[in-house]
Structures are given as structure tokens and as C-alpha cells.
Amino acid sequence: MMANPRIQCDALRMGFDRSNFFLFAASLCASACGAAVSPMGDGATDARADAGPADVVPIDDRPSAMCSTPPPMELRVPRVSRQSVMIPIAVTLAGQGCSCTATASASDTTIESRVCGCQNQLPCVDPGYVVNLIAPSRAPDSDATFVAGSQRAEHRTISSTHNCAGGRGTISAVRVVQDQNLMPSPLRWVWLSVEGTIERCAAMPLALVTATIGETISLTVEDCNNTDCDGPTQPRPYRVWTTLRVLPRGRHTITYPGGSQTFTVD
């Protein structure tokens with residue numbers, strides 16, 4: 001096979017269609033790129049400089065060096081963390097192709113994600129991606145809004161010695177999220193969506209959920225909003241994310257005051 005460089009135009013991808021119109025459009029694009037167009041099976045086209053019969057390779061078998069920046073579907077950040085703890089974050093992304101690699105990074109409070117190295121292989125089903133990452137801890141007693149596309153997540157960093165002595169909290173429901181229908185990057189974490197109520201007056205609670213992993217996974221919740229306020233207390237709802245990160249395969253049991261549940265890591 002000749003080692004000529006391969007030239008691709010965006011419009012050449014329309015050559016995959018059986019329609020002569022799209023093949024004609026691909027020919028125009030190839031002409032503008034200075035490449036040759038050879039008809040392939042099922043209407044695909046091969047565009048390379050000096051393409052010849054020995055160079056016939058379907059375009060949809062070639063890896064693409066281009067990267068895309070799909071809008072995040074979901075952003076997960078714990079509501080509260082201590083200064084001594086790095087901040088775990090997860091971003092979910094829609095499918096972009098086949099054999100893609102999804103990455104994400106945190107620049108201060110901005111989460112940037114991209115998907116690279118997709119291959120245009122047909123047929124192809126891309127379920128989407130979940131990227132887990134760690135952001136540096138922030139200054140104590142500081143608030144931040146993490147941003148990933150149109151997704152927002154509020155976060156408060158407290159000092160390592162902060163005594164969370166707010167209202168009394170309960171846990172009413174725990175949803176285990178393993179993202180089994182998504183491709184993980186770099187590893188598959190177990191996330192928990194925890195909800196319940198905290199007895200408080202007018203000020204809203206700051207729920208810190210702590211997981212202690214032993215023979216079972218024990219969950220506790222504290223209210224880190226120590227602000228005094230007047231008036232009667234009432235149950236204030238909360239819903240927060242926390243992560244168990246990577247767990248070994250097998251059955252695991254979560255316990256919390258008033259409930260428990262078992263799940264399996266495959």
C-alpha cells in the first residue's frame with residue numbers, strides 16, 4: 001500500500017450515502033482538497049492524494065485525529081468537602097463515535113471535556129462516557145460554582161477542623177450510580193445520590209455525607225451550616241452526591257440510620 005498522506009474533507013463523509021447527489025458533493029470537495037475520489041462499496045469514498053486501485057481503503061475504517069467537545073449531560077460534585085480532601089468530580093458525555101477516548105480537566109472551577117480518536121466504523125453504537133476526575137482542594141470557608149457547559153454545581157469547602165454542628169440530619173434514600181451503560185474514563189467509580197432532611201430554621205442546610213468503608217459501607221450526614229437563626233425549625237430537604245470511588249467486584253451493603261441496601265459491582 002502506498003504511504004501517501006490521507007486527506008479528508010468534512011463533506012467527504014457525505015459520500016457514505018448511496019445518493020449520487022452526495023457522491024457528487026464529495027467529488028467537489030475532493031477536487032478542492034486536491035485529492036482523488038474512488039467509489040467504494042455501499043457508496044463510501046476513499047479520498048487520498050494520488051489514490052489508486054491499490055490504495056482502496058474505506059474512510060470509515062480510519063481513525064480520526066479530530067477531537068470534539070460535546071456538551072456535558074450531567075455534572076456531579078459533592079455539596080461540601082473538607083480542605084484536606086481533594087474534590088471528586090464526574091462528567092457524563094453523549095456518544096460521539098466508536099472507540100473514542102473521553103477526557104476532562106479542571107481549570108479552577110471550569111470543567112473542560114473532550115472526546116478524541118473516534119473511528120468511523122459502521123455499524124457502531126456509542127453509549128456515551130463518564131469521566132471521573134479530582135480537583136484540587138480549595139481555601140477553607142470558600143464557596144465555588146463548578147461549571148461544565150450548561151451544567152452547574154455549588155460547592156463549599158470547610159476547614160479540616162470545622163465542627164459541623166448544624167441541624168440534625170436523616171437519610172431517607174440512597175441511589176447507587178455505577179454508570180454501567182457508559183464507558184468509564186479512566187476507571188469506573190461508584191457514586192451515591194443521597195437525600196433526606198435536616199432540621200433547621202430558615203437557613204438552608206449544608207449536607208456533608210461521609211462514607212466509612214469496612215465490612216459494610218456506613219453513611220452518616222452532618223449539617224455544616226452552623227449559622228444561628230431565629231424561629232422554629234422544620235425539616236429542610238437536601239440531595240447531594242458522594243462517591244465511593246473504585247470498589248472491588250462483588251456484593252456490597254450500605255447502611256445508614258433507618259435503612260440499608262445491597263448492590264453488586266460487576
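The values are calculated or read from the model by the stated rules, or taken from the named source; none is laboratory data. Only a predicted model underlies this, so the values are computations on that prediction, with no experimental measurement involved. Ideal geometry is used to build each Cβ from the backbone, glycine not excepted, and the neighbour counts take in all protein chains shown.
Just one of the listed residues (Gly231, Gly214) is at pLDDT 90 or above, of a type outside the set (S, T, N, Q) and exposed (fewer than 12 other Cβ atoms within 10 Å of the Cβ), namely Gly214. Looking only at residues in the range 87-103 that are aliphatic (A, V, I, L, M) and under 13 Å from the mean Cα position of the chain (by Cα), the one that is surrounded by the fewest Cβ atoms within 10 Å (Cβ to Cβ) is Ala94. For Asp50, state whether it is modelled with pLDDT of 75 or more and acidic (Asp, Glu). Taking the combined requirement at face value, the residue does not satisfy it. Just wondering, is there one or more residues in the range 175-188 that are surrounded by 13 or more Cβ atoms within 10 Å (Cβ to Cβ), more than 22 Å from the chain's Cα centre (by Cα) and in contact (Cβ under 8 Å) with a residue 24 or more places away in the chain? So far as the range 175-188 goes, no, none of its residues is surrounded by 13 or more Cβ atoms within 10 Å (Cβ to Cβ), more than 22 Å from the chain's Cα centre (by Cα) and in contact (Cβ under 8 Å) with a residue 24 or more places away in the chain. Contact annotation: residue pairs with Cβ atoms under 7 Å, 6 or more positions apart or on different chains, pairing a residue in the range 104-119 that is crowded, with 16+ Cβ neighbours inside 10 Å with a partner that is of a type in the set (Asp, Glu) and assigned to a strand (DSSP E or B), are Ala104/Glu112.
Being among the charged types (D, E, K, R) and surrounded by 14 or more Cβ atoms within 10 Å (Cβ to Cβ) is the filter; apply it to the range 234-266 and report the residue that is modelled with the highest pLDDT. Before the answer, list the steps.
At the first step, the residues of the range 234-266 found to be among the charged types (D, E, K, R) are 236, 239, 245, 249, 251, 266.
Filter once more, so that each one left must be surrounded by 14 or more Cβ atoms within 10 Å (Cβ to Cβ): 236, 245.
On the way: Arg236: 93, Arg245: 96.
Among residues in the range 234-266 that are among the charged types (D, E, K, R) and surrounded by 14 or more Cβ atoms within 10 Å (Cβ to Cβ), the one modelled with the highest pLDDT is Arg245.
Of everything in the range 193-207 that is of a type in the set (A, V, I, L, M, F, W, C) and surrounded by fewer than 20 Cβ atoms within 10 Å (Cβ to Cβ), the residue that is nearest to the chain's Cα centre (by Cα) is Met204.
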